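See below for the structure under consideration.
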Amino acid sequence: MGSQEGLYSAYVFYIILGCVVAVFIGYSLDYIATNGFRDYETTQDMSMEQKQYMREVRDRNTMRLLEQVNRGGR
């Protein structure tokens with residue numbers, strides 16, 4: 001009986017160890033594939049037109065929310 005329990009403990013240990021190794025392998029592959037999780041070279045600033053458009057959308061949404069609050073509902 002004692003050797004069976006030791007064998008089961010060894011199985012559990014190796015399964016957990018295998019899972020940890022698999023996580024590290026996945027992490028390293030993702031790190032390599034995504035250029036270290038940061039890709040500064042391809043990151044570009046938004047154009048002025050894009051910034052202006054996004055500002056207009058935010059302002060429109062804010063105005064709609066204020067109108068809904070003033071009407072007291074949805």
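Derivation of every value follows stated rules applied to the coordinates shown; laboratory data play no part. Computed from a predicted model, the values in this text were never measured in an experiment. Cβ placement follows ideal geometry from the backbone for every residue including glycine, while neighbour counts extend to all protein chains displayed.
At-a-glance table
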read-out: Charge dipole (the chain, unit charges on Cβ, about Cα centre) - positive-most of Gly6, Gly26, Leu66; value: Leu66
read-out: Zero-based 5 Å bins, Cα pair distances in the chain, whole percents; value: 3, 12, 8, 8, 7, 7, 8, 7, 8, 8, 7, 5, 5, 4, 2
read-out: Potential extension, Arg55-Leu29 segment - 0.36 nm per residue separation minus Cα distance; value: 5.6 nm
